[in-house]
Ligand code: G3P
Ligand code: MG
């Protein structure tokens with residue numbers, strides 16, 4: 001590990017939420033093939049200070065784990081392939097077309113793109129642990145790349161707990177698709193920095209309770225400007241959007 005680089009932590013993460021955060025969902029999924037390098041480039045070119053991506057872990061021919069940036073458990077919706085991601089090797093996945101001739105990227109390719117273009121004001125990368133067994137390889141990846149600004153999230157709170165057991169520094173966000181009485185307890189147990197929730201479950205009282213407990217709320221997936229304005233007025237910290245071109249004017253202040 002490079003000891004000269006300070007690990008990104010909760011305090012550094014809160015800087016990103018000092019003003020409304022427009023997060024490019026799967027890059028700019030409404031403008032380019034989701035979770036591909038052109039999609040991330042598009043979001044960053046539009047001015048996003050944060051992007052979101054989904055990772056699955058697969059093995060390569062040398063039996064090394066590779067983190068692949070793809071949303072579904074299966075490849076057919078987003079590529080020209082068929083079947084479960086987990087039934088593919090790394091080499092098989094890299095041969096698939098994930099849209100407009102672009103391959104499914106490795107996590108390392110996305111972070112390299114960011115390092116190359118944004119050496120100073122580094123965008124936040126929200127890595128969503130989508131597949132089983134992603135906690136350990138992601139923790140190893142971050143240990144080898146200590147300068148990255150990263151938020152780790154997942155609907156699978158056991159995967160998040162496994163990550164937290166290996167990495168007690170990187171900010172974490174449990175994801176929720178419906179409201180639960182135990183949400184704040186879950187966040188506390190994980191040492192979370194914020195809560196990432198579905199647009200469908202947002203109510204003023206929920207945002208107030210989370211904010212009062214010290215947890216900013218990020219909301220997915222918001223593509224309408226009026227809706228984003230309403231959420232911003234409620235005290236939401238930021239939104240995930242497929243259309244950063246539509247929402248970017250709300251970023252900042
Ligand atoms: O992380 C926010 C959002 O990406 C969660 O839902 O299904 O788009 O990964 P999904
Ligand atoms: Mg996601």
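Relative to the first principal axis of the alpha-carbon coordinates of the chain, what is the inclination of helix 135-144, with its axis defined by its Cα atoms, in degrees from 0 to 90 and to the nearest 10?
90
Per the Kirkwood formula on distinct C-alpha pairs, the Rh of the range 92-131 is how many angstrom?
Hydrodynamic radius (Kirkwood, Cα pairs) of the range 92-131 is 11.9 Å.
Need one word for the range 44-90: rounded, prolate or oblate. Basis is the Cα gyration tensor (sqrt eigenvalues a ≥ b ≥ c); a/c below 1.5 gives rounded, then a/b vs b/c decides. Don't skip to the end; give the middle numbers.
On the way: a/c = 3.09, a/b = 1.63, b/c = 1.90.
The shape class here is oblate.
Grab the alpha carbons of the range 1-98, take their convex hull, and tell me the volume per residue in Å³.
Per residue, the Cα convex hull of the range 1-98 comes to 136 Å³.
Beyond 35 Å, how much of the Cα-Cα pair distribution for the chain remains, as a whole percent? Walk me through the intermediate numbers first.
Working: 2937 of 31878 pairs.
Looking at the chain, the distances longer than 35 Å represent 9 percent of pairs.
Of the candidates 239, 75, 61, which one comes out as most mobile in a Gaussian network treatment of the chain with C-alpha springs shorter than 10 Å?
Per the Cα network of the chain with a 10 Å cutoff, 61 tops the list.
Specify the inter-centroid distance of the range 5-20 and the range 149-193, based on alpha-carbon positions, in whole Å.
Measuring centre to centre over Cα atoms gives 16 Å.
Of 60, 212, 72, which has the largest mean-square fluctuation in a 10 Å C-alpha GNM of the chain?
212
Please find, in a Gaussian network model of the chain (springs between Cα atoms separated by less than 10 Å), the residue of 19, 193, 39 whose mean-square fluctuation is greatest.
Most flexible of the set in this elastic network: 19.
Measure nothing but the geometry: give the 0 to 90° angle between the long axis through the Cα atoms of 225-234 and the longest principal axis through the Cα atoms of the chain, rounded to 10°.
It works out to around 50 degrees.
Relative contact order, percent, of the range 82-154 when contacts are C-alpha pairs under 8 Å separated by at least 6 residues? Intermediate values should be presented prior to the final figure.
On the way: 43 pairs, mean separation 18.9, N = 73.
The normalised contact order for the range 82-154 reaches 26 percent.
Got a sec? How would 222, 55, 246 order by Cβ neighbour count within 10 Å, fewest to most?
In increasing order of surrounding Cβ atoms, one gets 246, 55, 222.
May I ask for the angle, rounded to the nearest 10°, between helix 107-117 and the longest principal axis of the chain, with both axes built from Cα atoms and the value confined to 0 to 90°?
70
Going by how many other beta carbons lie within 10 Å of each one, how would you line up 34, 109, 91, fewest first? Could the numbers behind the result be given before it?
Numbers: 34 23, 109 16, 91 12.
Ascending Cβ contact count within 10 Å gives the list 91, 109, 34.
Using the number of other C-beta atoms within 10 angstrom as an exposure proxy, rank 248, 183, 68 with the fewest first.
Details: 248 17, 183 21, 68 26.
The fewest-first ordering by Cβ neighbours comes to 248, 183, 68.
We did not get these values from a lab; they are worked out from the coordinates using the rules stated. Treat the numbers as computed from the prediction; the structure is a model and nothing was measured. Backbone-built Cβ (ideal geometry, glycine too); neighbour counts: all protein chains shown.
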